Amino acid sequence: MTGVVTAATLGQIYRHRRFYRDADGAWQTKFLLTLARTGDGDIVFRLLTSRQHSRPKAPPCYHGDPYPGFYLGHLGGALTTDSWLDLRRQDDYDYLAFAEDVASGTIRPVMMLPPSLLCEALTCATNADDTTKQQERVMRDQRANLSCA
């Protein structure tokens, strides 16, 4: 599990250039935010979206239907529009697969989320309906490690 420390930086936004295939079979890109690690080293993450879809900007944390999210704002760089953290369920990313995807260039770091914003995102994601008990526990632990207020 040593490679995980260098392969996945918590609070880092990554660009995954082959996250899913569209209806035509073409690979589509997604941005993801790493939030915590499980005891096995797997990565707890959530996807970013630029589609508002009823997600408010204020308050930034929204757990309602149909699309719960956390408003991250306009982050800049490769993220040229307003962004939300999509709080719908995501299975954890296997740490070996993540490390391989980083090594192959399939996943590339884009930017670090500022610590204060990461703390808020962790709080919001921890309390989302689709967050598993294990994800909730490790995100709370991560939040405590960051000394969030």
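Here, each number is a calculation from the coordinates, and none is a lab measurement. Because the structure is predicted, anything quoted here is derived from the model rather than measured. FYI the Cβ positions are ideal-geometry reconstructions off the backbone, even for glycines, and counts take in every protein chain you see.
Below 8 Å, C-alpha to C-alpha, sequence gap of six or more: please give me the relative contact order for the chain in percent. Numbers along the way, then the final one.
Values: 271 pairs, mean separation 37.7, N = 149.
Contact order relative to length: 25 percent.
Label segment 12-146 by shape, choosing from rounded, prolate and oblate, from the square roots a ≥ b ≥ c of the eigenvalues of the Cα gyration tensor; if a/c is under 1.5 it is rounded, and otherwise prolate applies when a/b is larger than b/c, oblate when it is not.
Here segment 12-146 falls in the rounded category.
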Residue with peak Gaussian network fluctuation, the chain [Cα springs, cutoff 10 Å], from 41, 73, 25: 25
If R₀ is 41 angstrom, what is the calculated FRET efficiency for the pair residue 123 and residue 24, using the beta carbon separation as r and rounding to 0.05? 0.60
Once both labels are modelled 7 Å past Cα along the beta-carbon direction, what's the residue 97-residue 78 spacing in nm? 1.9
